[in-house]
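One structure is given here, and the rest of the page talks about it.
The values are calculated or read from the model by the stated rules, or taken from the named source; none is laboratory data. Treat the numbers as computed from the prediction; the structure is a model and nothing was measured. Heads up, the Cβs are rebuilt from the backbone with ideal geometry, glycines too, and the neighbour counts pull from every protein chain shown.
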Amino acid sequence: MSRKIKNERKKPVSLIAYEDPTSSITEEYRLIRTNIEFASVDKQIKTIVVTSPSPGDGKSMTAANLAIILAQQDKRVLLVDADLRKPSVHYTFRVDNRYGLTNLLTKQNTLEKSKLKTSLLNLDVLTSGPIPPNPAELLNSKNMELIIEELNNNFDYIIFDTPPVLAVTDAQVLANKCDGIVMVISSGKTTKKEALKTKDLLHKVKTPLLGVVLNGVDYRNNKYKYMYK
């Protein structure tokens, strides 16, 4: 049973893949899913880090909707809030954040007791849990590797919503332990310099960059919202 959140203090992101499954935006999330499937030809891709250069680029929205699209394909999906500094998944899915990833990392709880079911078929969430004083150290720990191994045994896809790359090192640290990275940039907000610097930093980890999602494009100009390398 889901633990309902008591007080909503932050606006949840749009779950358009669920709310409007026939929209052109939802169709583009399906294209992202298809590209991930094609990228899995030589190596199975299950654990995916979603990040961005800066706050407000839309990475949490992309992570949530990508998780929904994957779950709609009859896959067992877990969306993990790995932003241990400014978590948002519990606001989006309106669940409590008393227990989550930090409780697993500090061995204060089990996965079974920490993960939460959503109202969407095949989709569970693992919130951040209490905000710790040392997020990067926790994500870089041996316990994190063990948790990922456990998640791999229980789900078909695990989507990690991580902090922006140019703000902290958390996304790079976690990406080193995952199968692929999706980078989100914002049209009219992310500068070319920021995008290139983020790409360079992500290329320094051993995990492949699966592609780049261009968020916030005006559809009246008939432009696409996605682009893959």
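Considering each residue of the range 99-113, count those that are surrounded by fewer than 20 Cβ atoms within 10 Å (Cβ to Cβ) and in a helix (DSSP H, G or I), and give that number.
3
Looking for something over 19 Å from residue 145 (Cα atoms), in contact (Cβ under 8 Å) with a residue 40 or more places away in the chain and buried (at least 17 other Cβ atoms within 10 Å of the Cβ) - is there at least one such residue anywhere in the range 73-84? Explain how you work it out, then say what you get.
If we filter the range 73-84 for residues that are over 19 Å from residue 145 (Cα atoms), which is where we start, we get 73-76.
Now drop any that are not in contact (Cβ under 8 Å) with a residue 40 or more places away in the chain, which leaves 73-76.
Filter once more, so that each one left must be buried (at least 17 other Cβ atoms within 10 Å of the Cβ): none.
The answer is no, given that none of the residues of the range 73-84 is over 19 Å from residue 145 (Cα atoms), in contact (Cβ under 8 Å) with a residue 40 or more places away in the chain and buried (at least 17 other Cβ atoms within 10 Å of the Cβ).
Find the residue count for the range 133-159, including only residues that are in contact with a strand residue (DSSP E or B) (Cβ under 9 Å, 6 or more places away or on another chain) and not aliphatic (A, V, I, L, M).
So the answer is 5.
In this structure, is residue 129 closer than 17 Å to residue 159 by Cα, in contact with a Phe, Trp or Tyr (Cβ under 9 Å, 6 or more places away or on another chain) and not acidic (Asp, Glu)?
yes
What's the total number of residues in the range 29-83 that are outside any helix (DSSP H, G or I) and of a type in the set (D, E, K, R)?
9
With the structure loaded, tell me whether residue 205 is within 26 Å of residue 101 (Cα to Cα), among the hydrophobic types (A, V, I, L, M, F, W, C) and not in a helix (DSSP H, G or I) or whether it fails that test. Outline the logic, then answer.
Numbers: within 26 Å of residue 101 (Cα to Cα): yes; among the hydrophobic types (A, V, I, L, M, F, W, C): yes; not in a helix (DSSP H, G or I): yes.
Taking the combined requirement at face value, the residue satisfies it.
Considering only residues that are surrounded by 11 or more Cβ atoms within 10 Å (Cβ to Cβ), modelled with pLDDT under 85 and touching a helix residue (DSSP H, G or I) at 6+ places or on another chain (Cβ under 9 Å), which ones fall in the range 4-57?
5, 10, 12, 13
Restricting the search to the range 130-154, which residues are farther than 16 Å from residue 47 by Cα, free of Cβ contacts under 8 Å to residues at least 40 places away in the same chain and part of a loop (DSSP other than H, G, I, E, B)?
Selection gives 130, 133, 134, 141.
In the range 18-28, which residues are of a type outside the set (Val, Ile, Thr), farther than 16 Å from residue 125 by Cα and not in a loop (DSSP other than H, G, I, E, B)?
Within the range 18-28, 19, 24, 27, 28 qualify.
So which residues in the range 106-164 are farther than 19 Å from residue 175 by Cα, small (Gly, Ala, Ser) and within 18 Å of the chain's Cα centre (by Cα)?
Selection gives 114, 129.
Are any of the residues in the range 172-188 surrounded by fewer than 22 Cβ atoms within 10 Å (Cβ to Cβ), modelled with pLDDT under 95 and not in a strand (DSSP E or B)?
Scanning the range 172-188 turns up at least one residue that is surrounded by fewer than 22 Cβ atoms within 10 Å (Cβ to Cβ), modelled with pLDDT under 95 and not in a strand (DSSP E or B).
Taking the condition under 14 Å from residue 159 (Cα atoms), touching a residue at least 12 places away in the same chain (Cβ under 8 Å) and either surrounded by fewer than 23 Cβ atoms within 10 Å (Cβ to Cβ) or aliphatic (A, V, I, L, M) (or both), does residue 70 pass?
Yes.
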